[in-house]
Ligand code: ACM
């Protein structure tokens with residue numbers, strides 16, 4: 001942690017690095033003192049104001065009331081008593097959020113008041129979120145530190161894609177995620193509305209799309225309008241995606257004539273890439289698309305319209321003699337050429353309805369209108385390729401939230417790195433930003449928040465903040481605080497206690513909580529094939545309640561990084577207590593497993609955690625006694641940890657990382673650095689130095705029953 005903090009100082013002013021701001025503003029300067037936020041706090045406006053601005057202030061004050069537990073401040077007053085937040089807005093924002101609109105703002109906080117200045121209402125929205133992140137408890141109640149901030153985004157397109165086709169996401173889920181998106185200054189909601197497993201929007205023109213293709217789980221047009229307005233109020237554009245010509249089984253349930261092979265078709269229940277594909281050779285296909293795009297174009301005001309275009313299987317095309325003869329007649333020598341023909345036809349329809357095409361990187365093949373936007377998902381190369389060919393592009397490769405990778409991985413992924421770094425200025429200006437993608441094979445409305453957040457906040461920083469803001473330790477120092485702050489938006493990403501208690505039938509879920517905090521859920525690669533999954537299999541097991549990244553494990557590892565433990569530098573009480581908890585977990589969980597299949601499947605995981613805890617406690621014993629372990633002991637334990645690390649019940653035991661880190665302290669060099677004589681003495685024969693850790697309330701040394709037959713239990 002200390003090491004990371006020092007690095008971050010090179011990039012950020014020290015003051016900024018200590019504030020839990022995410023995304024980090026472009027410029028943060030400390031001033032003296034803090035502004036008290038008590039019941040006399042008021043918000044006032046001067047200059048331009050409108051309904052959107054007033055609604056934003058209302059949301060801000062409601063949020064502030066939740067943050068502080070103080071009653072909401074009355075509506076904007078002009079003039080208002082000091083101290084106050086004065087909002088000075090120069091101009092309206094576009095009626096509907098626009099790509100490249102001005103989102104800049106300036107925020108000054110002093111002990112006597114705060115001033116938020118922005119050219120447009122959108123800048124005010126962004127600045128209010130920053131102010132909200134500044135609020136904290138201080139020596140004299142709640143306060144905001146005195147600060148000068150100048151801010152604007154690095155990229156104009158900062159998005160989240162949500163797949164509502166594989167698992168349906170009700171409006172409430174969408175809206176709470178829009179709240180959180182606005183909180184971290186994201187500005188594009190990419191709504192993946194159709195796929196093999198569902199067509200999720202009401203079409204009045206082609207009602208069998210939702211009637212036969214959604215199991216009744218679709219958004220009415222009124223709901224779509226509601227979501228679009230909700231997003232608009234928060235400065236977020238909504239880009240709809242109707243994925244064609246592949247990923248279209250759900251369309252064919254009602255309209256089999258659109259497919260390249262005869263039906264009948266039913267909604268797909270499984271996960272993968274499927275054969276059903278639109279017939280690109282029949283004029284009727286384009287008549288249908290013209291009608292649907294026209295209807296949807298009126299529903300979604302955004303000028304961009306996503307047509308998917310990914311993973312076109314091509315099997316139905318190859319197997320159809322009429323499609324093959326059409327391809328020959330038109331000189332389309334491959335499925336790729338056939339898809340390019342389809343894309344050009346669709347692009348003309350989009351243009352007719354006033355829309356600009358966005359597509360996954362497969363659409364890059366073939367001539368496309370120069371205004372097309374390419375979304376790069378298969379690798380970063382297509383991002384640079386699209387930009388060098390004159391297309392605007394977006395990076396999603398590396399931001400796939402369904403992989404449940406640690407936030408640090410996505411955070412390190414910069415849209416302008418790699419191949420994109422070799423582009424000239426004109427070319428790299430075509431890279432508009434990026435989008436994180438939440439595909440929902442293994443994600444339900446209950447779990448989706450915890451799969452998006454808080455990682456999404458770190459990605460939002462990548463899209464908004466300066467490229468130089470990339471210190472991972474600084475990000476991780478702020479992320480847990482921002483994650484808790486995000487709960488005030490209504491997100492349920494930290495609400496897994498309820499899911500855990502469901503598994504115990506309402507019995508206290510303490511042991512399960514310990515296991516969950518030491519574990520990490522596997523992403524799509526780890527779950528695929530683990531069971532016979534389909535959209536009908538409930539996502540209600542332990543793995544679904546476990547977050548992708550263990551905050552506890554990260555904190556404990558950080559405590560151990562770069563610190564040679566010694567009597568002068570003892571382990572934290574938290575480490576010692578946690579290892580003890582882990583050690584006892586199997587025996588605590590076992591009673592809960594009786595007649596409970598959800599817990600029974602976790603017993604091997606609990607046994608592994610107990611073993612890891614035991615190894616950790618044993619390591620502490622050596623360190624307590626300033627004693628070197630016997631020759632080979634550390635290597636042997638590491639081999640054991642390799643075994644314990646193997647996933648169980650689609651969960652990885654993150655706790656192993658703590659114990660591994662602890663074992664590095666017992667390597668001869670580490671011991672030498674800590675002043676311990678290195679040697680191969682058996683633990684009971686070696687010279688003992690009396691630990692001088694009296695400042696700590698030492699835990700009683702736990703009597704360990706190590707399960708390994710060759711363990712030296714007699715020494716404990
Ligand atoms: C995709 O992940 N198939 C765009």
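Look at the range 363-378: where a residue is over 30 Å from residue 403 (Cα atoms) and touching a residue at least 12 places away in the same chain (Cβ under 8 Å) and a partner is more than 13 Å from the ligand (Cβ to nearest atom) and part of a loop (DSSP other than H, G, I, E, B), sitting 6+ places away or on another chain with Cβ atoms under 6 Å, you get 370/390.
Residues being buried (at least 24 other Cβ atoms within 10 Å of the Cβ), more than 16 Å from the ligand (Cβ to nearest atom) and at positive phi: count how many of those fall in the range 400-432. Going through the range 400-432 one residue at a time, the tally reaches 0.
Restricting the range 371-399 to residues that are under 26 Å from residue 650 (Cβ atoms) and crowded, with 20+ Cβ neighbours inside 10 Å leaves a set whose member that is nearest to the ligand (Cβ to nearest atom) is 377.
Counting only helices (runs of 4 or more DSSP H) that fall entirely inside the range 396-506 and contain at least 2 residues that are within 22 Å of residue 519 (Cα to Cα), the qualifying elements are 407-411, 448-452, 455-464, 472-486, 496-503. Condition check: under 25 Å from residue 435 (Cα atoms) and away from the ligand (no atom under 16 Å from the Cβ). Does residue 309 satisfy that? In short, no. Screening residue 39 on (1) surrounded by fewer than 14 Cβ atoms within 10 Å (Cβ to Cβ); (2) more than 19 Å from residue 121 (Cα to Cα); (3) at pLDDT below 85 shows it passes everything except condition (3).
Checking residue 317 against (1) under 33 Å from the mean Cα position of the chain (by Cα); (2) farther than 30 Å from residue 548 by Cβ; (3) more than 13 Å from the ligand (Cβ to nearest atom); (4) surrounded by 21 or more Cβ atoms within 10 Å (Cβ to Cβ), only one condition comes out false. Which one? Failing condition for residue 317: (1). For the range 433-451, filtering for residues that are within 13 Å of residue 527 (Cβ to Cβ), buried (at least 23 other Cβ atoms within 10 Å of the Cβ) and either within 16 Å of the ligand (Cβ to nearest atom) or over 13 Å from the mean Cα position of the chain (by Cα) (or both) leaves 4.
Looking at 200, 232, which is the one that is buried (at least 24 other Cβ atoms within 10 Å of the Cβ), under 29 Å from residue 487 (Cβ atoms), more than 16 Å from the ligand (Cβ to nearest atom) and under 25 Å from the mean Cα position of the chain (by Cα)? Even if it seems obvious, please write down each step before you answer.
Numbers: 232 fails: buried (at least 24 other Cβ atoms within 10 Å of the Cβ).
The unique qualifying residue is 200.
Okay, residues lined up against (1) within 16 Å of the ligand (Cβ to nearest atom); (2) surrounded by 20 or more Cβ atoms within 10 Å (Cβ to Cβ):
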| site | (1), (2) |
| --- | --- |
| 278 | no, yes |
| 297 | no, no |
| 322 | no, no |
| 326 | no, no |
| 329 | no, no |
| 354 | no, no |
| 357 | yes, yes |
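So, residue 342, is that one more than 16 Å from the ligand (Cβ to nearest atom), surrounded by 19 or more Cβ atoms within 10 Å (Cβ to Cβ) and over 29 Å from residue 235 (Cα atoms) or not?
Details: more than 16 Å from the ligand (Cβ to nearest atom): yes; surrounded by 19 or more Cβ atoms within 10 Å (Cβ to Cβ): yes; over 29 Å from residue 235 (Cα atoms): yes.
Criteria met by residue 342.
The values are calculated or read from the model by the stated rules, or taken from the named source; none is laboratory data. Just so you know, these numbers come straight off a predicted model, no measurement behind them. In this analysis, Cβ positions are derived from the backbone assuming ideal geometry, glycine residues included, and neighbour counts consider all displayed protein chains.
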